[in-house]
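A short write-up of the structure that comes next.
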Amino acid sequence: MLRKLHRSGMSVARLNGSHNKPEWHAQTVKLLRKTVPDVPVLLDIPGRKIRTLQLVHEPSFKSGDIIILTTDISHDGREKVPVGYDRLHEKLSTGDGVFADDGTLSFVVDKIQGQDIYLRANMDGTLRSRKGINVPGIDLGQSLVTDKDRAMINFAKEIGVDYIGISFVESREHVEAIRALIAAPVPRIVAKVENSGGIRHLAEIVDAADVIMIDRGDLAVETSIDHVTLYQKQILEEASRAGKPTIVATEMLHSMIENPLPTKAEVSDITNAVLDGASAVMLSGETAVGRYPVEAVSRISRIAALASAERNTPSHPVRMSSDSDIRHTIRALAEALPLTRLVVLSRTGYSVRIAAMSGTGLPVLALGFHSELARSWNLLPNVESIATDSEYTFDWTGRSQLLEFLIKSGHVNKNDYIVILSAQQDIISLDGNIIQTVHVNTWLQHNLHISVEAEVA
């Protein structure tokens, strides 16, 4: 099934750390590495998100019924529903609104007795295991990094994931605290913007994180469902300005959990997300529990590819900021020359992100000297990473060695017209920013021994 999903367009595998046990996640990562070794793995850590615990009984209710949440985790759902935040009962008051399961269930606090929170249901429904609990507008007094976060980050490093997703990010300090715990080039950080604090401090979060995720489920509950699309556009614009990749998530193809075809609204949703600058669109329930996982991946891949091709025409320029000269130069070259691909040499991934976010739509071959870091670049749009032990220079000899490797390995051919790029993130070291264009066939004519070998291959 993983191979089918990969062939259908899956470019990143996301695991939700709020579900299942660590042993399951470890075995799943091993399976991913064995079957689809080039696919980066994103592990969402629970962080400050509050959820119901695993329940023996999942209570159903009618509008007006009383449901009891409790911070006493000895309960199993038959009498009371336990939640994973031990101070929730201290933070709520009578009359507060409480939402569950991405806002699909709505309650109001009727009373609080000890560790028990009595909720009156505003609708019919069923409260299930491991579902999110939201209390918009209430400061829950949670620390930036919990002991559970520290354990999950250590676990993520042990099993070798490529990205860690952080929930309810509201500041640069939150991202930096997680990065300090990681203390390594990988895993890289996906900051999830999903509440009003994240919106207020959007620019600093975008600047600090490696990737941004728009979690529309919690964002709709924590702010306003009527504003979600406007917030999505705001986040995409800010990330595009900074050249940071953005994942749009939640209910992209929700109807395909049960149906083989999407709704027209879902097709429009995916298309507009990509046209607005999304680097990736994410499926969750569609592939985790849906009846048509392969069909859903295939469908979203086709829709995103069509939208991406449209976005990368000159009539849809990428929004640039004053410090985006490299991206602007790459795009100008792509518009002036018949380029076929970009080749990037990178140590940290900065140059790869710049090339991938330049808006050309061209394939990006990214060569890195750190295999785990290089694999993480496959999350970026149009990127194929290559881990190499060789460190190529930009003089004639180094460029010849690079082109010889690319030709012999089949990554480029004589018909390719490529840009070779390496950029420095430190703006003081601008002499390290190098862009070269190469017409491979012309170069081959000056290197006949390579030409003969390439023709035979």
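Per-structure values
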quantity: Residue count for the stretch 364-420, restricted to those that are touching a helix residue (DSSP H, G or I) at 6+ places or on another chain (Cβ under 6 Å) and more than 25 Å from Thr329 (Cβ to Cβ); calculated: 4
quantity: Members of the stretch 85-116 found to be more than 20 Å from Leu219 (Cβ to Cβ) and part of a strand (DSSP E or B), listed by number; calculated: Val108, Val109, Asp110, Lys111, Ile112, Gln113, Asp116
quantity: The stretch 285-294, residues that are modelled with pLDDT under 95 and assigned to a loop (DSSP other than H, G, I, E, B); calculated: Val289
quantity: Pairs, first under 22 Å from Ile407 (Cα atoms) and open to solvent by 10 Å² or more (accessible area, probe 1.4 Å) in the stretch 337-363, second at pLDDT 90 or above and basic (Lys, Arg), C-beta under 9 Å, six or more apart; calculated: Leu362/Arg341; Pro363/Arg341
quantity: One residue from Ser308, Ser255, Ser298 being under 24 Å from Tyr350 (Cβ atoms), in a helix (DSSP H, G or I) and not hydrophobic (A, V, I, L, M, F, W, C); calculated: Ser308
quantity: Filter result (open to solvent by 30 Å² or more (accessible area, probe 1.4 Å), of a type in the set (D, E, K, R) and either closer than 18 Å to Ala208 by Cα or not in a loop (DSSP other than H, G, I, E, B) (or both)) within the stretch 261-280; calculated: Lys264, Asp269
quantity: Selected residue (only one of Val228, Val211, Val267 is within 13 Å of the chain's Cα centre (by Cα) and either within 20 Å of Ile166 (Cβ to Cβ) or among the hydrophobic types (A, V, I, L, M, F, W, C) (or both)); calculated: Val211
quantity: Segments classed as strands (runs of 3 or more DSSP E), wholly inside the stretch 329-408, with at least 1 members that are modelled with pLDDT of 90 or more and basic (Lys, Arg); calculated: 341-346
quantity: Qualifying residue in the stretch 287-310 (condition: within 17 Å of the chain's Cα centre (by Cα) and open to solvent by 40 Å² or more (accessible area, probe 1.4 Å)); calculated: yes
quantity: Flag for Val412 being open to solvent by 70 Å² or more (accessible area, probe 1.4 Å) and either at negative phi or at pLDDT 75 or above (or both); calculated: no
quantity: Whichever residue in the stretch 64-104 is hydroxyl-bearing (Ser, Thr, Tyr) and under 30 Å from the mean Cα position of the chain (by Cα) and, among such residues, is most open to solvent (accessible area, probe 1.4 Å); calculated: Thr104
quantity: Any pair with Cβ under 7 angstrom, 6 or more apart, that starts in the stretch 167-183 at a residue that is closer than 21 Å to Leu219 by Cα and ends at one that is of a type in the set (Lys, Arg) and assigned to a loop (DSSP other than H, G, I, E, B); calculated: Ser167/Arg48; Ser167/Lys49; Phe168/Arg48; Phe168/Lys49
quantity: Unmet criterion (only one of (1) touching a residue at least 24 places away in the same chain (Cβ under 8 Å); (2) under 30 Å from Val297 (Cα atoms)) for Asn20; calculated: (1)
quantity: Per-region count, the stretch 111-136, residues in contact (Cβ under 8 Å) with a residue 24 or more places away in the chain and more than 26 Å from Asn20 (Cβ to Cβ); calculated: 12
quantity: Selection within the stretch 29-63 - open to solvent by less than 30 Å² (accessible area, probe 1.4 Å), of a type outside the set (A, V, I, L, M), within 28 Å of Asn134 (Cβ to Cβ) and touching a strand residue (DSSP E or B) at 6+ places or on another chain (Cβ under 8 Å); calculated: Asp44, Gly47, Thr52, Pro59, Phe61
quantity: Residue among Glu258, Glu176, Glu194 that is under 23 Å from Gly47 (Cα atoms) and surrounded by fewer than 19 Cβ atoms within 10 Å (Cβ to Cβ); calculated: Glu176
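The values are calculated or read from the model by the stated rules, or taken from the named source; none is laboratory data. Predicted model, so just to flag it, every value in this text is computed and none were measured. Every residue, glycine among them, receives a Cβ derived from its backbone with ideal geometry; neighbour counts consider all protein chains shown. The protein model used for the area step is the full one, side chains on, heavy atoms only, and it has no ligands, DNA or RNA in it. Shrake-Rupley method; radii C 1.70, N 1.55, O 1.52, S 1.80 Å.
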